[in-house]
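Data block below; observations after.
The values are calculated or read from the model by the stated rules, or taken from the named source; none is laboratory data. Keep in mind that what you see is a predicted model, and the values were worked out from it rather than measured. Using ideal geometry, Cβ is built from the backbone for each residue, glycine included, and neighbour counts are taken over all protein chains shown. Only protein heavy atoms, including side chains, enter the accessible area calculation; ligands, DNA and RNA are left aside. Shrake-Rupley method; radii C 1.70, N 1.55, O 1.52, S 1.80 Å.
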Amino acid sequence: MDPKSGSNLSFILNKPHDVQFSDRPVPTLSDPHDVLVAVNYTGICGSDVHYWQHGAIGHFVVKEPMVLGHESAGTVVAAGAAVSTLKPGDRVALEPGYPCRRCGPCLGGHYNLCAAMKFAATPPYDGTLTGYWAAPADFCYRLPDGVSLQEGALIEPLAVAVHIVRQASVSPGQSVVVMGAGPVGLLCAAVARAFGATTVVSVDIVDSKLQFARSFCATHVYASQRVSAEENAANIKREAGLEEAGGADVVIDASGAEPSIQTSLHTVRMGGTYVQGGMGKSDINFPIMALCLKEVTAKGSFRYGSGDYKLAVELVASGKVDVKKLISGVVPFKEAENAFKKVKEGEVIKILIAGPNEKI
Ligand SMILES: [Zn+2]
Ligand SMILES: [Zn+2]
């Protein structure tokens, strides 16, 4: 790894299904608080795949070629003069979005809601599937000795889950139903367990995902049927022993799918909490009467904020969330596009791309 070589191989999306590898300039440390990180591993996220397939998510449209990727861990190779917390050789998880630090949401402790956020692989900003990445030192989280760089690449989706479970204020002894058993749904279930939830139900339409959820963290699983949302909710309550309580204390939707969201509102108990973490269609048919009659607390959740990355690292370091189990495979940098295909086809839970500095 030598940034002086000038080579900064990057995986770039030109337009939908049109990708290329090319050298980008090695970033310079423009701020004394920044560090330069050689990227070792990057996980692929649903949003990366969406840009690759469609070139846009909502009003974020890829107009110029954009480097993909935002779930990365790497090794510090240079530190600015004002950096006191990191040094070359430190292994870090990269938080990939940089807020302005000056606006109302930033100063109010909700920097994930900053309107001026510069987030990796969200147009017009480049992502982390690149050789070298410059970042403010306080957005790079040192990995303890027992945590590998591969696990480090899973800190990003874990931080998403930490934020969702915090939004839900999950507390010891509670029952939590998680709709969707993709990476974020699985991690929400695992974090809920770590927060002390005693009943954690994973719900999905794919049996193999539910089998994995059971081995990973769920106390109960439920395969959604092609019946009404009310019927699915009644089945979940019966199978997870939640009938007496009238439903779950907390329901998290990590799917973004309309039927799951409807089922969520019928599964939560009177006075319970529902958090929307998954993103799907922008507008859906929503059972607002159930929300009202049960006096449900409903919240959204977007990315991660103060303390979420730090806690995610601690959950991995303490063994409370075993993110290694989610890694289905690791591919060399030059096979990045293949990895995207595998994620799109749903063959994998989480696939990592090594490098380009990491040889596998
Ligand atoms: Zn992601
Ligand atoms: Zn801001």
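Brief remarks follow.
- Karplus-derived HN-Hα couplings along the range 167-182 (A = 6.51, B = -1.76, C = 1.60, θ = phi - 60°), whole Hz, x at Gly and Pro: 4, 7, 6, 5, 10, x, x, 7, 9, 10, 10, 10, 8, x, 10, x
- Coarse-grained scattering of the chain at q = 0.10, 0.11, 0.15 Å⁻¹, given as base-10 log I(q)/I(0) from a Debye sum over alpha-carbon atoms: -0.61, -0.73, -1.29
- Sequence-distant residues sharing a close amide H with Ser224 (under 5 Å, placed H): Asp204, Ile205
- Apportionment of accessible area to carbon and sulfur, the range 232-360, percent (1.4 Å): 51 percent
- Measuring with a 1.4 angstrom probe and ignoring ligands and nucleic acids, Ser215 comes out at about 80 Å² accessible.
- Tail weight of P(r) past 22 Å, computed on alpha-carbon pairs of the range 160-300, percent: 24 percent
- Label point 7 Å beyond Cα of Cys103 along Cβ direction - residues of the range 26-67 with amide nitrogen under 18 Å: 58-61
- Global dimensions of the range 1-135 from alpha-carbon coordinates: Rg and Dmax equal 15.2, 42 Å.
- In this structure, the pairs whose alpha-carbon distance is over 29 Å, taken from Lys281/Lys359; Lys87/Lys324; Lys118/Lys320; Lys63/Lys209; Lys320/Lys341; Lys209/Lys320, are Lys281/Lys359; Lys118/Lys320; Lys63/Lys209; Lys320/Lys341.
- The chain: most fluctuating residue of Ile57, Ile44, Ile327 per GNM, C-alpha cutoff 10 Å: Ile57
- The Cα center of the range 249-278 and the Cα center of the range 61-107 differ in position by 33 Å.
- Placing unit charges on each Cβ (+1 for Lys and Arg, -1 for Asp and Glu) gives the range 160-300 a dipole about its Cα centre, and among Asn235, Thr267, Gly277 the Cα reaching farthest toward its positive end belongs to Gly277.
- With at most 16 neighbouring Cβ atoms within 10 Å, loop GluC sites (Glu not before Pro) (DSSP) excluded, longest segment of the chain: 1-242
- Candidates Val251, Val348, Val160, ranked by Gaussian network fluctuation over the chain, Cα under 10 Å, top entry: Val348
- Relative to the Cα centre, the charge distribution of the chain, modelled as +1 at Lys and Arg Cβ and -1 at Asp and Glu Cβ, gives a dipole magnitude of about 220 debye.
- For the range 160-300, the relative contact order works out to 22 percent when only alpha carbon pairs closer than 8 Å and six or more residues apart are counted.
- Proximity of backbone amide H atoms, modeled 1.01 Å from N, is registered between Tyr41 and Ala73, Gly355 at under 5 Å, excluding neighbours fewer than 5 places apart on the same chain.
- Between the listed residues His70, His33, Asn112, the Cα displaced farthest toward the positive end of the dipole of the chain, a dipole computed from Cβ unit charges relative to the Cα centre, is found at His33.
- Each stretch of four or more DSSP H residues adds -39500 (n - 2.57); spread over every residue of the chain, this sum gives -7500 deg cm²/dmol at 222 nm.
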